[in-house]
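Below you'll find the structure, written out as structure tokens, and then a few comments.
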Amino acid sequence: MSKRAYNFNAGPAALPLEVLERAQEELVEYQGIGMSVMEISHRSAEYEQLNAETQELLADLLNIPAGYKTLFLQGGASTQFAMIPLNFLTSEKVANYVITGSWGKKALKESKLIGETRVVAQPEKFSHVPDLSELQLDNSSAYLHITSNETIEGIQFQQFPNIGDIPLIADMSSDILCKPIDVSKFGLIYAGAQKNLGPSGVTLVIVKEDLLENTPDHIPSMLRYDTHIKANSLYNTPPVYSVYMVNLVLKWLKEKGGLDQVEKFNQEKTKLIYDVIDESQGFYVGTVEKQDRSIMNIPFRLKDEALEKEFLKQTQENGFVGLKGHRSVGGMRASTYNAVPYESCKALSEFMIDFQKRNG
Ligand SMILES: *Cc1c(COP(=O)(O)O)cnc(C)c1O
């Protein structure tokens with residue numbers, strides 16, 4: 001087999017090799033039924049089983065309490081930016097947003113189109129999560145929206161704010177399942193699959209059912225959470241193959257020992273790279289304050305920015321993929337999602353040390 005790249009793509013991103021191989025084995029014939037998963041009816045017993053099992057795997061891995069429903073929707077996390085205010089931001093209410101980077105701003109923009117919306121915290125520079133311990137939200141609040149991990153800026157919430165009865169809503173597109181979380185703190189969690197869950201095409205939504213009583217009548221069926229809940233995520237044709245791939249990824253995470261273990265692996269992986277940055281005496285520059293650094297996306301610069309092009313060119317020549325920072329911020333970014341192996345991070349840290357020796 002040809003050698004796999006050191007894949008640091010930001011999204012769509014690396015998938016576990018074991019998962020790809022299992023999918024390959026089952027590609028033309030799934031579980032002895034004489035056809036591929038792509039060819040079965042979404043109303044078949046096989047898909048019903050896959051749908052239910054994937055929901056159960058998530059409930060198990062994330063310890064989802066009773067009263068929550070899991071949905072596999074389409075339209076990406078970007079559609080959730082609109083669905084959230086459409087379902088929860090009723091006329092007499094205000095939506096609250098904490099902005100810690102680029103994706104939060106996009107979510108905010110959609111909410112403003114739909115109703116009264118305010119920013120309750122936003123640091124001057126996207127280098128840390130603002131202190132939310134004193135945050136007071138009044139009763140007119142429809143919800144508080146946060147982005148648990150800002151994929152472009154590499155800023156990750158280490159703990160979540162306590163806001164009483166007001167629903168906390170989180171975009172976890174780039175850090176879902178990277179560590180254990182307390183789902184009971186949230187009214188709704190959503191994540192596009194293509195960073196940490198599987199291929200693109202499916203968006204995971206975990207929602208507390210009792211929040212959905214006030215969805216206004218005029219909201220179209222496909223954009224209502226209650227439509228999808230009533231139909232158990234089978235209102236229209238779901239992205240069957242993407243859900244199948246998510247199912248395999250979840251089984252892989254369970255085999256790894258669950259989220260406590262996964263968090264440990266992620267910390268070990270990212271430490272390799274953060275240590276090189278911190279010990280480089282300023283040759284490499286991290287852009288996030290240490291306490292809020294992400295274990296999923298590591299953005300960094302070179303002190304000599306003119307050298308960055310050469311750095312990126314040489315990483316490409318050495319089998320590394322996806323290290324160019326997002327075009328809006330420049331520099332470099334290593335995305336180290338669950339499926340990125342330790343060996344890739346080890347190879348990158350060694351390359352970085354060597355590059356500094358040659359250019360420092
Ligand atoms: C990638 C990403 C999105 C956008 O996801 P789509 O599925 O492409 O709509 C939103 N939020 C975060 C945090 C992301 O990383």
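The values are calculated or read from the model by the stated rules, or taken from the named source; none is laboratory data. As the structure is a prediction and not an experimental result, all values here were calculated from the model. Here the Cβ is made from the backbone with ideal geometry for all residues, glycine too, and neighbour counts use every protein chain on show.
A few remarks follow.
- Filter pass, Ala66 being under 30 Å from Gln316 (Cα atoms), assigned to a loop (DSSP other than H, G, I, E, B) and either within 15 Å of the ligand (Cβ to nearest atom) or at pLDDT 95 or above (or both): no
- Scope region 199-222; condition assigned to a helix (DSSP H, G or I), surrounded by 16 or more Cβ atoms within 10 Å (Cβ to Cβ) and out of contact with any Asp or Glu (no Cβ under 9 Å at 6 or more places or on another chain); matching residues: Leu211
- Region 199-213, residues that are touching a Phe, Trp or Tyr at 6+ places or on another chain (Cβ under 9 Å) and either more than 12 Å from the ligand (Cβ to nearest atom) or hydrophobic (A, V, I, L, M, F, W, C) (or both): Val202, Leu204, Val205, Ile206, Val207, Lys208, Glu209, Leu211, Leu212
- Within region 28-65, if we keep just the residues that are over 28 Å from the mean Cα position of the chain (by Cα) and on the phi > 0 side of the Ramachandran plot, the residue that is surrounded by the fewest Cβ atoms within 10 Å (Cβ to Cβ) turns out to be Gly32.
- Answer residue from region 291-307, given it is under 27 Å from the mean Cα position of the chain (by Cα) and either in a helix (DSSP H, G or I) or outside the structural domain of Gln267 (by TED's automatic domain parsing) (or both) and is surrounded by the most Cβ atoms within 10 Å (Cβ to Cβ) among those: Asp292
- Taken over region 223-255, the residue count meeting the criterion of being outside any helix (DSSP H, G or I) and either of a type in the set (A, V, I, L, M) or free of Cβ contacts under 8 Å to residues at least 12 places away in the same chain (or both) is 2.
- Scanning region 309-360 for residues that are over 23 Å from Asn149 (Cα atoms), of a type in the set (Val, Ile, Thr) and crowded, with 19+ Cβ neighbours inside 10 Å yields one hit, Thr315.
- Members of region 281-290 that are among the β-branched types (Val, Ile, Thr) and under 21 Å from the mean Cα position of the chain (by Cα): Thr287, Val288
- Within this structure, Leu135 passes the test of being out of contact with any Leu (no Cβ under 6 Å at 6 or more places or on another chain) and surrounded by fewer than 24 Cβ atoms within 10 Å (Cβ to Cβ).
- When residues of region 134-182 are limited to those that are within 16 Å of the ligand (Cβ to nearest atom) and among the small types (Gly, Ala, Ser), the one nearest to Ile295 (Cα to Cα): Gly154
- Filter pass, Tyr225 being in contact with a strand residue (DSSP E or B) (Cβ under 6 Å, 6 or more places away or on another chain) and of a type in the set (Phe, Trp, Tyr): yes
- Unique residue being in a loop (DSSP other than H, G, I, E, B) and in contact with an Asp or Glu (Cβ under 8 Å, 6 or more places away or on another chain) when the list is Val329, Val340: Val329
- Any hit, region 278-287, residues being outside the structural domain of Ser102 (by TED's automatic domain parsing), crowded, with 21+ Cβ neighbours inside 10 Å and either free of Cβ contacts under 8 Å to residues at least 24 places away in the same chain or more than 30 Å from Ala191 (Cα to Cα) (or both): yes
Let's see how each residue does on (1) more than 16 Å from the ligand (Cβ to nearest atom); (2) without any contact (Cβ under 8 Å) to a residue 40 or more places away in the chain; (3) more than 18 Å from Ala339 (Cβ to Cβ):
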{"site": "Lys3", "(1), (2), (3)": "yes, no, no"}
{"site": "Gly11", "(1), (2), (3)": "no, no, no"}
{"site": "Pro16", "(1), (2), (3)": "yes, no, no"}
{"site": "Leu27", "(1), (2), (3)": "yes, yes, yes"}
{"site": "Gly34", "(1), (2), (3)": "yes, yes, yes"}
{"site": "Glu39", "(1), (2), (3)": "yes, yes, yes"}
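- Residues located in region 157-176, provided they are crowded, with 24+ Cβ neighbours inside 10 Å and touching a residue at least 40 places away in the same chain (Cβ under 8 Å): Ile169, Asp171, Ser173, Ser174, Asp175
- Residue match in region 91-114 (condition: in a loop (DSSP other than H, G, I, E, B), surrounded by fewer than 17 Cβ atoms within 10 Å (Cβ to Cβ) and within 12 Å of the ligand (Cβ to nearest atom)): no
- Some residue of region 42-57 being part of a loop (DSSP other than H, G, I, E, B) and either within 16 Å of the ligand (Cβ to nearest atom) or free of Cβ contacts under 8 Å to residues at least 24 places away in the same chain (or both): yes
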